[in-house]
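Beneath this line is the structure, given in structure tokens, with notes to follow.
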Amino acid sequence: MLSLIKKSKFLKLKSRNLAGEFVYLAMLSFFEYAHTDFIIQHGEGLNEFVKAEITEVGAKVNEQGFRVSRFNASPLQLVSLVYTARVSSRILMPLFKFSAFHKNKLYGAVRKFPWHSYISKNESIAVSASVHNSAIKHSQYAALTVKDAIVDEIRSETGGRPDVNVQAPDFHLVLSIQNNNGELSLDLSGPLHLRGYRQQSSKAPMRETLAGAIILSIEEKELPIVDLMTGSGTLILEALMNKAKIPSGYLRRDFPLFKIPEFDELFQQQKKKMNGEIISPPAGFLTANDHSAPMIETAKYNASALPESAFIHWEQKDFRKLPGFENQVLLCNPPYGIRQGDKKNLQGLYRDLGDFLKKKCTGAAAYIYFGEREFIAAIGLHPKWKKTMRSGALDGRLVKFELY
């Protein structure tokens, strides 16, 4: 990383304009503050998958905690991880730590940083925050304090201020406060769950990173995969990307890391290499079914954005009318109360699903995601195992059933 810093094109140059004011011709790169330590944010229950993603690119895991993992990576490893991570939410670069037991402490610590050397008044910023077990209780309040400190520092040095752009900022700063200790980081990846293939959606689609973790949980790697209730296609498309070795960032064009010249050439090289490793899945390996014709059309439309999507076989039937699937992997994300608003009528659906699996799917392995745990018992089958997989406020479980 230090070698990149020394070669940085971002040098702090000043020139007087006609009004006699200093103008910054080029800004310093944030990577002059970089080391080899980085942070991954991820969902609860996904630590093992995040660790596997980090080690797969050759990086080293330092520490794993609640929804956060820390790791060491070279520039090449960092680029590879940002482009391929399937279950991670964001990848961050820590800038500095400080005491944050009071608003004034938080503001003062952030205000001291020379933001004007890194962010111009013509660029945009966004700040998000999380707060836990600290005197500062509200995350939005903390984020606003950080935003004010950054804007005030830039204004005092340049006479102008950057815009705030929550949707697509040039720089996204992420604040974490725990036990009155603050850490401010730079977002290098943006939201990694936004793969780019979801052009149309169902009422409550599964988050892509959660679907990616479900696919990675499949133990029968060589058995064909059937999605019984495909909806807008998230599970089957994550299965396609995994089997065909399609990088998770294949369709994305807006990784913050790759806007930095030091990393642009490296990214282009690695992107070309990884895209060249995409393969075709075996014929008949992926099947997507849904009872709704509009949902099948939505899923097909989403799939069309990805290479190798022609290898998905599509069915439009109520699962109760399917002939059955022996010696295959069955995926399912059935509707639940939060998504559909009617728990009573769903009990029968889960009973029917359990009967279908038991009677028509001998030798199969079923991986079912339960958005609400109370429906696990309703299916009437003995689980092989259960895994906690939370997504946002959703306290879900992935359950495996082996069918004999």
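The values are calculated or read from the model by the stated rules, or taken from the named source; none is laboratory data. The structure displayed is predicted, hence computed values, not measured ones. For neighbour counting, all protein chains shown are included, and Cβ atoms are generated from backbone atoms with ideal geometry for every residue, glycine included. Ligands, DNA and RNA are excluded from the accessible area calculation, which covers all protein heavy atoms including side chains. Shrake-Rupley method; radii C 1.70, N 1.55, O 1.52, S 1.80 Å.
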Report the convex hull volume per residue for segment 185-292, counting only C-alpha atoms, in Å³. 127
With a bin width of 5 angstrom, please list the P(r) values of segment 67-153 as percents of all Cα-Cα pairs, from the 0 bin to the one holding the largest distance. 2, 11, 19, 20, 16, 17, 12, 3
Sorted from largest down, what three extents in whole angstroms do the Cα atoms of segment 26-123 have along their principal axes? 38, 35, 21
Rounded to whole angstroms and listed largest first, the alpha-carbon spread of segment 259-396 along its three principal axes comes to 56, 36, 32
Students often check this: by mean Cβ neighbours within 10 Å, which of 224-235, 257-268, 202-213 ranks highest, and how do the rest follow? 224-235, 202-213, 257-268
Folded to 0 to 90 degrees: helix 75-84 orientation relative to the chain principal axis, Cα: 40
Using θ = phi - 60° and Karplus 6.51 cos²θ - 1.76 cosθ + 1.60, couplings along segment 87-93 (whole Hz; Gly, Pro as x): 10, 7, 8, 8, 10, 10, 10
The helix 47-56 Cα axis meets the longest alpha-carbon principal axis of the chain at an angle in degrees, between 0 and 90 and rounded to 10, of 70
Using a 1.4 Å probe on heavy atoms of the protein chains only, the accessible area for ASP163 in Å², nearest 10, reads 100
Which one of ILE279, CYS361, PRO162 is farthest out on the positive end of the charge dipole of the chain, using unit charges on Cβ (Lys, Arg +1; Asp, Glu -1) and the Cα centre as origin? PRO162
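Taking 2.2 N^0.38 Å as the expected size of a compact globular protein, what ratio does the Cα radius of gyration of the chain give against it, to two decimals?
Numbers: Rg = 24.0 Å, N = 404, 2.2 N^0.38 = 21.5 Å.
Relative to the rule-of-thumb radius for its length, the chain sits at 1.11.
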Calculated on alpha-carbon atoms, Rg and Dmax of segment 256-313 in Å: 16.7, 50
Please give the direction-averaged projected area of the C-alpha convex hull for segment 223-268, in square nanometres with one decimal. 4.4
Give or take rounding to whole Å, what are the principal axis extents of the alpha carbon atoms in segment 147-205, in descending order? 47, 34, 20
Rank by packing, highest mean first: peptides 167-180, 273-286, with packing defined as the count of other Cβ atoms within 10 Å averaged across residues. 167-180, 273-286
Place the peptides 59-67, 388-396 in order of packing, highest mean first, counting for every residue the other Cβ atoms within 10 Å and averaging per peptide. 388-396, 59-67
For segment 33-88, go through all pairs of different Cα atoms, get the mean of 1/r, take its inverse, and jot down that Kirkwood value in Å. 11.0
Mean accessible surface per residue for segment 261-327, computed with a 1.4 Å probe while every protein chain stays in place, in Å²: 54
Heavy atoms only, probe 1.4 Å: what % of the accessible area of the chain goes to carbon and sulfur, would you let me know? 50
Equivalent-ellipsoid semi-axes (√(5λ), Cα gyration tensor) for segment 343-399, whole Å, largest first? 20, 15, 8
